[in-house]
Amino acid sequence: MSGPVPGSRGPEIPPAAIDLADGEWHRLHPATPLLRGGFAFVAIAGFVLANLRERILGLFLGAGPGDAPPGDPIDLIVRRGLIPAALLVVLVVLIVIIVAFWLSWRVRSFRITEEVVEVRSGILFRTNRRGRLDRIQGINVSRPLFARLFGAARLDIDVAGHDANVQLAYLSGRNADALRQVILQLASGALSAGSPSAAAAEQRAAGGAAPEHDGSLSGIVAQRAREFMAPERDPRLAPPAAVVQMHPGRLLGSTLLHDRTVVFVLLVIAAVVLASAAHAFFVLFGIVPLLLGVGSQIVRRFSRSLRYSIAATPDGVRVGYGLLSTSNETLPPGRIHSVEIRQPLLWRPADWWEVRINLASHSDRQEGGRRTTTILPVGTRAEVFRVLALVLPGVVEEASRPLLEAGLAPARSGDGYTGSPRRAAVLRWFSWHRNGFALEQDAVLLRRGAIWRQLVVVPAARMQSVALHQGPLLRLLRLADVHVHTVPGPIRATLDDLDAVVAAGFFRDVAASGVAAARRESAAHLVKGARWQGMGRP
């Protein structure tokens, strides 16, 4: 449970997917123009049809020209005999749109080499995006509902750095999954120069992978039906015992008891009471946008968490979720910069917890963005430790397990955490006794919150810096705040209102621990690089 099994093999990679990583330029799925820009065309057509509904109904119900609204352009075209010219204009516009879509598909191409993933596009203004393989933080395969009808998927390659991600939209669903595996193997050094083509030739000589369908309409429909009913995660990637899955009943219960749902219900009650008391029901219209925003977040959280699973695969930790529109992301080892375990107040009787992470590639993205940083929407304490063992292998060990348990429990004397002094109760009425930290060789643990419990785990090798803050009020109370800096994201590794002397010792110890961990990691990378060179890698 500590990570992927070395040397384990996943499902057979189709030769067509291996050929896509041969360093040459390749085009995307033929349905890409429709999936990327066709929706705008459909929306425009719907708008035009909605505005011409009276004329369309008149054609079928036999309404005369006098029934048309004044200034109707269609009526003007009919009266002046311009129907052939109008049809010709419509035909020319359709041809231009189709040609533009075809050209956008022709000029949009990608290539994968041993060092980079590169995408070029643009007809009038050319763009070129490159993502280095050694800076890949994760690879996500998304299948929006409409794209699944065409058997297509979007491959999002998360690269460390601001706005450095590379997107391949769209590929065939089978090639997207296989190409992700090839890219991760190239990034880890498992495939050396020329090996993708050699592997493809070897598989073709052995018969290759089975085709998706026989090319007939019935075969295509049957294949799409199998894709809709198939599990999000290929069962050959990880044994069932290595998978944490979501129970629908628990997901529904946790959604109803979530803080956001409670706020939504209170807003509805407050709006109804205010409108009834003041006899001003127009108040409801003013709060409707806010209710729609909060309600959509609740529905999105529930729908995104359906068919959730997380497992260790040969390529890294794989997280999948979604019912109609599915998404799965593979996180290579060592890409997690911090982990937060939190528990809303109403989840405490059931002992449910939520787990979030910070990734370098998600630093400029919010929770409502393309992907979420929540890797366990709701789980029991045992499932939390199973997820921690996947995302932070080496941290969850026998020596650290008691500290992690204490970080989720109420504060007790001698539990291994250094807490805030009693005088901190002036600023933290309820949580001063639970506010504390613990230091391990490989991680920093920050425990906080009495009503909403939180535990933040920061791997020592991922720390970027540590800071100590003390304002006038804190100086008067002989207190200080500490902040462990990682990549920006939803998790803030801060601990407020520590004793000033204790905070200064924390500052020194954490800084020394981060430097030592970085040196150990650099030495490990040098050893790994030497092994690759010994295997013939350039």
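The values are calculated or read from the model by the stated rules, or taken from the named source; none is laboratory data. Just so it is clear, the structure is predicted and the values come from calculations on it, not from any experiment. Don't worry about glycine lacking a Cβ; one is built from the backbone with ideal geometry, like all the others, and counts go over all protein chains shown.
General remarks:
- Residue among Leu477, Leu468 that is assigned by TED's automatic domain parsing to the domain that holds Ile375, over 30 Å from Ala360 (Cβ atoms) and touching a residue at least 24 places away in the same chain (Cβ under 8 Å): Leu477
- Some residue of segment 88-110 being assigned to a helix (DSSP H, G or I), in contact with a Ser or Thr (Cβ under 7 Å, 6 or more places away or on another chain), modelled with pLDDT of 65 or more and surrounded by 11 or more Cβ atoms within 10 Å (Cβ to Cβ): yes
- In segment 304-347, the residues that are surrounded by fewer than 16 Cβ atoms within 10 Å (Cβ to Cβ) and without any contact (Cβ under 8 Å) to a residue 60 or more places away in the chain: Leu323
- Per-region count, segment 496-522, residues more than 24 Å from Leu477 (Cβ to Cβ) and aromatic (Phe, Trp, Tyr): 0
- Any hit, segment 515-523, residues being polar (S, T, N, Q), out of contact with any Lys or Arg (no Cβ under 9 Å at 6 or more places or on another chain), loosely packed, with under 15 Cβ neighbours inside 10 Å and assigned by TED's automatic domain parsing to the domain that holds Gly449: yes
Yes/no matrix, rows are residues, columns are (1) modelled with pLDDT of 80 or more; (2) surrounded by fewer than 20 Cβ atoms within 10 Å (Cβ to Cβ):
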{"position": "Ala147", "(1), (2)": "yes, no"}
{"position": "Gln167", "(1), (2)": "yes, yes"}
{"position": "Asn175", "(1), (2)": "yes, no"}
{"position": "Leu191", "(1), (2)": "no, no"}
{"position": "Ala210", "(1), (2)": "no, yes"}
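Residue by residue, here is whether (1) in a strand (DSSP E or B); (2) farther than 25 Å from Val355 by Cα; (3) in contact with a Leu (Cβ under 6 Å, 6 or more places away or on another chain); (4) at pLDDT below 80 holds:
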position: Val265; (1), (2), (3), (4): no, no, no, no
position: Ile269; (1), (2), (3), (4): no, yes, no, no
position: Val273; (1), (2), (3), (4): no, yes, no, no
position: Leu290; (1), (2), (3), (4): no, yes, no, yes
position: Arg301; (1), (2), (3), (4): no, no, no, no
position: Arg318; (1), (2), (3), (4): yes, no, no, no
position: Gly334; (1), (2), (3), (4): no, no, no, yes
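- Condition check for Ala511: farther than 26 Å from Phe385 by Cα and in the same structural domain as Ser400 (by TED's automatic domain parsing): yes
- Ser400 being modelled with pLDDT under 90, of a type in the set (Ser, Thr, Tyr), buried (at least 18 other Cβ atoms within 10 Å of the Cβ) and under 29 Å from the mean Cα position of the chain (by Cα): yes
- Pairs meeting the criteria (first residue in segment 111-136 and over 22 Å from Arg335 (Cα atoms), second residue assigned to a helix (DSSP H, G or I), beta carbons under 6 Å, at least 6 apart or on different chains) are Ile123/Leu103; Ile123/Val107.
- Looking only at residues in segment 433-453 that are farther than 23 Å from Val515 by Cα and either touching a Cys at 6+ places or on another chain (Cβ under 6 Å) or among the aliphatic types (A, V, I, L, M) (or both), the one that is surrounded by the most Cβ atoms within 10 Å (Cβ to Cβ) is Ala450.
- Selection from segment 418-432 of residues that are surrounded by fewer than 19 Cβ atoms within 10 Å (Cβ to Cβ) and within 35 Å of the chain's Cα centre (by Cα): Thr418, Arg428, Phe430
- If only residues of segment 450-483 that are among the basic types (Lys, Arg) and under 26 Å from the mean Cα position of the chain (by Cα) are counted, the one that is farthest from His433 (Cα to Cα) is Arg462.
- Across segment 411-426, not a single residue is classified as assigned to a loop (DSSP other than H, G, I, E, B), modelled with pLDDT of 90 or more and in contact with a Ser or Thr (Cβ under 8 Å, 6 or more places away or on another chain).
- From the options Ala311, Ala382, residue that is modelled with pLDDT of 80 or more, hydrophobic (A, V, I, L, M, F, W, C) and outside any strand (DSSP E or B): Ala382
- Looking at segment 430-517, the strands (runs of 3 or more DSSP E) lying wholly inside it that each contain 2 or more residues that are small (Gly, Ala, Ser) and over 18 Å from Gly416 (Cβ atoms) sit at 465-469.
- Condition met for Arg537 (of a type in the set (Lys, Arg) and modelled with pLDDT of 90 or more): no
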